[in-house]
Amino acid sequence: MSHGEVKIAKNGNGTHVEVPRERSESPPPSPDGGWGWMVVFASFMIHIVTDGMTYSFGVFFSEFVTYFEEGSGKTAWILSILVGMTLSSGPISSSFVNRWGCQAVTVAGALLSATCLVLSSFAQNVNTLIVTIGVGTGLGFGLIYLPAIVSVTVWFERYRSLATGIAVCGSGLGTFLFAPITSTLIERYGWRGALIITGGLTLNCIPLGLMFRPVPEPPRSPVTEPMLPKSNSSPLKRSQSSEHLAKANGKVNDGNDVGRLTLSQPALNKPQEQKLQSHSRHGSGIMQRPDVLYQGSMTSLARYRASSPERTFPVKEERVPNCPWLLCSDESKAALSEMLNLSLLLDPIFILFSVSNFLTSVGFYIPYLYTVPLCESLGIENPPYLLSLIGAANLVGRIILGYISDKPWVNRLLAYNLCLTIAGICTVLVNVCWEFWGLAVYAVIFGFTIGAYVGLTSVVLADLLGIEKLTNAFGLLLLFQGIASLLGPPLAGLLHDKLHSYAPGFYVAGGTIAVSGLMLFVIPIVERRQNRKRWEEETAMEQI
């Protein structure tokens, strides 16, 4: 609610009473079209640039290892910190979005990441690249990542699954395009020139970010109500009227009594005042929408939740942390508090999902980083095209998985589990591939199935925990993903430095991803046990 917006109502005593607009307390309705499709296009193009650069980093990786003569383990920290910063800064980015909106945050992220990429071209050692690419560009991409998602979801409800599916497909297309483009740029201009050009391409996120317009407010009714004559015995019949306030507190009187009681008894206004104070305390930013991170259609969510048993959760204390930042508003504090609230860690199902997500993140980036070096060690030509195959298959996988996930006959958790398990097993088996076509088959299977990790996470979370817990759950998962991403690539590089083989790294990646999928098959058992326990407790209470 915008502060200071009030409606002037005239009570039965002839006195004007200021009451808040009830409509403005709710977010504007999603248009499901219009400028929203331009927002989808902008998000799609942003995913091409940012994810394309990140997922094709394996091409730069080989150049850095050769040029600086550092081990794979140390050089891998560049990508791992880049990804870790991008993900872990999600809660911070959400608070900035609440404060300044998607447009300003995206532009700031684009400027920061582009500047850091250009500065990286002057690096004389890996440590400098860890700071400029890892920390600087990672933080910049983090400021871009969240607005590119939420700016789409607020424009769509019915067609949200389609809209977000199109937007995030830019990630797969970016990987498909950037791997050979990066390889060509390095051949022609060296890795320093390639970084400068990549930084220039990142600046395209500025005009694209400016397309992230907020959803327009619906037309408002006139502020001042028509003046009613005193002889009119019919009081105003609106939910905002003082009569409604009185009725809500068990006071039913005629118009004159309502006005007199409202003015003489301030307690009658307390419920409305408390509501205003609560709304002011928690802010009115975009991240206060409980569905802002949900990437499936809302109609599909309603269908799934209607057939799901109701679950209970620990009571979360509503609080806003003390924030020393001078630029941290109440809205930013509320968003940060919501995403970082730890009470959800008491839910065993969320704990299972978090551990699974952590393990997936450990292995997720290893194939993207080490496929090119693996091919070079085997003497296979054109290794960047394998990354392109992963990207193309990932694009198709996200479209298909996103489409079928909205169908009522699809068990979304089961589809998610199977995809992760298959992705992990085929990553382990990559070590038996000795030629391009064998690795190409792996690239297609891995790219398709791993699309579930990004595309279905939010919808599965909403199915398991409820839409009202999604912001909290997603915020914690971003932190877990960021930490896990710091571990995987350097660990695989360290194993290569010690054992002089990339095979152990792919074993680690495949094993962690496969286990992350297999362990989630336990969730239905845990749910049945929780439902049985809850039923026994309710039965015991009824007998008492």
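The values are calculated or read from the model by the stated rules, or taken from the named source; none is laboratory data. Just so it is clear, the structure is predicted and the values come from calculations on it, not from any experiment. In this analysis, Cβ positions are derived from the backbone assuming ideal geometry, glycine residues included, and neighbour counts consider all displayed protein chains. To get the accessible areas, we keep the full protein, side chains included, count just its heavy atoms, and leave off ligands, DNA and RNA. Shrake-Rupley method; radii C 1.70, N 1.55, O 1.52, S 1.80 Å.
Couple of notes before you dig in:
Conditions (1) open to solvent by 20 Å² or more (accessible area, probe 1.4 Å); (2) of a type in the set (V, I, T), marked per residue:
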{"site": "I46", "(1), (2)": "no, yes"}
{"site": "F57", "(1), (2)": "no, no"}
{"site": "E63", "(1), (2)": "yes, no"}
{"site": "K74", "(1), (2)": "yes, no"}
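- When M541 is tested against (1) in contact (Cβ under 8 Å) with a residue 12 or more places away in the chain; (2) open to solvent by 30 Å² or more (accessible area, probe 1.4 Å), exactly one condition is not met: (1).
- Of the helices (runs of 4 or more DSSP H) lying entirely inside the range 455-544, those carrying at least 2 residues that are farther than 21 Å from S405 by Cβ are 470-499, 503-518, 523-543.
- For I467, the conditions (1) open to solvent by 50 Å² or more (accessible area, probe 1.4 Å); (2) modelled with pLDDT under 90; (3) of a type in the set (A, V, I, L, M, F, W, C) are fulfilled apart from (1).
Here is a yes/no grid of residues against (1) modelled with pLDDT of 90 or more; (2) open to solvent by 20 Å² or more (accessible area, probe 1.4 Å); (3) in contact with a helix residue (DSSP H, G or I) (Cβ under 8 Å, 6 or more places away or on another chain); (4) not in a helix (DSSP H, G or I):
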| residue | (1), (2), (3), (4) |
| --- | --- |
| G172 | no, no, yes, no |
| E187 | yes, yes, no, no |
| G190 | yes, yes, no, no |
| M211 | yes, yes, yes, yes |
| P218 | no, yes, yes, yes |
| S221 | no, yes, no, yes |
| S234 | no, yes, yes, yes |
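- Only a single criterion out of (1) at pLDDT below 90; (2) open to solvent by 40 Å² or more (accessible area, probe 1.4 Å); (3) over 16 Å from the mean Cα position of the chain (by Cα) is not satisfied by L494, namely (1).
- All conditions in (1) without any contact (Cβ under 8 Å) to a residue 60 or more places away in the chain; (2) open to solvent by 30 Å² or more (accessible area, probe 1.4 Å); (3) not hydroxyl-bearing (S, T, Y) hold for L143, with the sole exception of (2).
- Residue within the range 109-130 that is out of contact with any Asp or Glu (no Cβ under 7 Å at 6 or more places or on another chain), without any contact (Cβ under 8 Å) to a residue 12 or more places away in the chain and assigned to a helix (DSSP H, G or I) present: yes
- Among the conditions (1) in contact with a Cys (Cβ under 7 Å, 6 or more places away or on another chain); (2) more than 25 Å from S161 (Cα to Cα); (3) open to solvent by 10 Å² or more (accessible area, probe 1.4 Å), the only one that W437 does not satisfy is (1).
- Here N411 qualifies as open to solvent by 10 Å² or more (accessible area, probe 1.4 Å) and free of Cβ contacts under 8 Å to residues at least 24 places away in the same chain.
- Counting only residues that are open to solvent by 50 Å² or more (accessible area, probe 1.4 Å) and either farther than 24 Å from C433 by Cα or not hydroxyl-bearing (S, T, Y) (or both), the range 497-523 holds 8 of them.
- Where helices (runs of 4 or more DSSP H) fall entirely within the range 309-407, those with at least 1 residues that are surrounded by fewer than 16 Cβ atoms within 10 Å (Cβ to Cβ), charged (D, E, K, R) and modelled with pLDDT of 85 or more are at 348-378.
- Note on the range 106-136: residues that are closer than 30 Å to V215 by Cα and open to solvent by less than 10 Å² (accessible area, probe 1.4 Å) total 5.
- Conditions (1) open to solvent by 20 Å² or more (accessible area, probe 1.4 Å); (2) not in a helix (DSSP H, G or I): number failed by W155: (1)
- Filtered residue count, the range 54-108, keeping only those that are in contact with an Asp or Glu (Cβ under 9 Å, 6 or more places away or on another chain) and among the charged types (D, E, K, R): 2
- Pairs with Cβ under 7 Å, 6+ apart, first in the range 368-381 and of a type in the set (S, T, N, Q), second open to solvent by less than 10 Å² (accessible area, probe 1.4 Å) and assigned to a helix (DSSP H, G or I): T371/G58; T371/L386; T371/L387
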